[in-house]
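*Asks:* Please see the structure below; I have some questions.
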Ligand SMILES: [Zn+2]
């Protein structure tokens, strides 16, 4: 992700997550469980796109989703990067609804290509949050289709530019425009770097205003007003290709990671900087917002 302003942005298949019994007691989003998934992701080591660790991590994400009863599709492509072609793959779990409309919750699983960089918060926390969300939502009846999307290639291979960044979301945004999925989306919410113990969420101002209001009102109602900041600022992230494709999209990101953001894109982005409560805050907000989005016409 990058602090900046402008930008622009590919493939998937679908399935059935969660047609288990509606009588199954609804599971609660657990911050401890999300943190545990994050630790497992980080245990793969440095996981930049195209690396062996990235491939191993993808296989693990697939196996976790399968264990929840999700069937999963992939969106594979070759990204043209400043370092040459890199094979990338987005992972998409679909929880089918009946309305013909859809909601997407997204985040990235790749880590910045940088010596000693483990990306506990940046890459790890989004992976852990999305897996916990999939675990909790599996088996619940849905109004709208719900997509949980794990993006590859969020990070710049070298320095962040419009063409060296957000490879996975640019690819899927194009594909979903072509196959009509973007037209069905009521909302797309991206999570990134939201595991910081000292959580403060940026009011990202290029995000859709109505979605910012909905999410911030819910955060306030849950008692998280001190965490969801009210000073708007711009962050470039995986939501942008969808905004540019006309999707009502929002980025939830903490861009104040350590003193003067000292843990961001440094070897200090490690598990000890994360807290289960922060995961729970984001999980509680998402679990409250999703049904409200479903209730929208
Ligand atoms: Zn990053």
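*Asks:* Which peptide among 124-134, 225-235 comes first, and what is the full order, when sorted by highest mean count of other Cβ atoms within 10 Å?
*Replies:* The peptides rank, most packed first, as 124-134, 225-235.
*Asks:* While we're on this one: Per the Kirkwood formula on distinct C-alpha pairs, the Rh of the range 146-297 is how many angstrom?
*Replies:* For the range 146-297, inverting the mean 1/r across all distinct Cα pairs yields 16.2 Å.
*Asks:* Restricted to Cα positions, what overall size does the range 203-292 have along the principal axes? Three whole-Å values, descending.
*Replies:* Dimensions of the range 203-292 along the principal axes of its Cα atoms: 36, 30, 21 Å.
*Asks:* Over its Cα atoms, what ratio of radius of gyration to 2.2 N^0.38 Å does the chain give?
*Replies:* Relative to the 2.2 N^0.38 Å estimate, the chain comes out at 0.89.
*Asks:* Quick one: Cα centre-to-centre distance for the range 29-55 and the range 60-116, in angstrom?
*Replies:* 13
*Asks:* Jot down the radius of gyration and Dmax of the range 170-241, Cα atoms only, both in angstrom.
*Replies:* Expressed in Å, the Cα Rg and Dmax of the range 170-241 come to 13.9, 40.
*Asks:* Cα atoms only, the range 34-185: Rg and Dmax in Å?
*Replies:* Final numbers for Rg and Dmax: 15.1, 47 Å.
*Asks:* For the range 244-297 and the range 175-222, what is the separation of their C-alpha centers, rounded to whole Å?
*Replies:* Comparing the Cα centres of the range 244-297 and the range 175-222, I get a distance of 9 Å.
*Asks:* Still on this structure: What number do you get for the range 117-207 when its Cα radius of gyration is normalised by 2.2 N^0.38 Å, N = residues?
*Replies:* Relative to the rule-of-thumb radius for its length, the range 117-207 sits at 1.22.
*Asks:* Order by neighbour count: 89, 155, 244, fewest other Cβ atoms within 10 Å first, most last.
*Replies:* Listed from fewest to most nearby Cβ atoms, that is 244, 89, 155.
*Asks:* Further, regarding this structure: For the chain, what does the helix formula give at 222 nm: sum of -39500 (n - 2.57) over DSSP H segments with n ≥ 4, over the residue count, nearest 500 deg cm²/dmol?
*Replies:* -10000 deg cm²/dmol
*Asks:* Sequence gap at least 6, Cα distance under 8 Å: using those rules, report the relative contact order of the range 175-297 to the nearest whole percent.
*Replies:* Once divided by the residue count of the range 175-297, the mean separation gives 38 percent.
*Asks:* What is the distance, in nm, between label points placed 7 Å from the Cα along the Cα-to-Cβ direction at residue 198 and at residue 78?
*Replies:* Between residue 198 and residue 78, the simple spin-label model gives 4.5 nm.
Values quoted throughout were computed directly from the atomic coordinates according to the rules given, and no laboratory measurement underlies them. Bear in mind the structure is a predicted one, so any value in this text is a computation, not a measurement. Because the Cβ atoms are built from the backbone with ideal geometry, glycine has one as well, and the counts that use them run over all protein chains shown.
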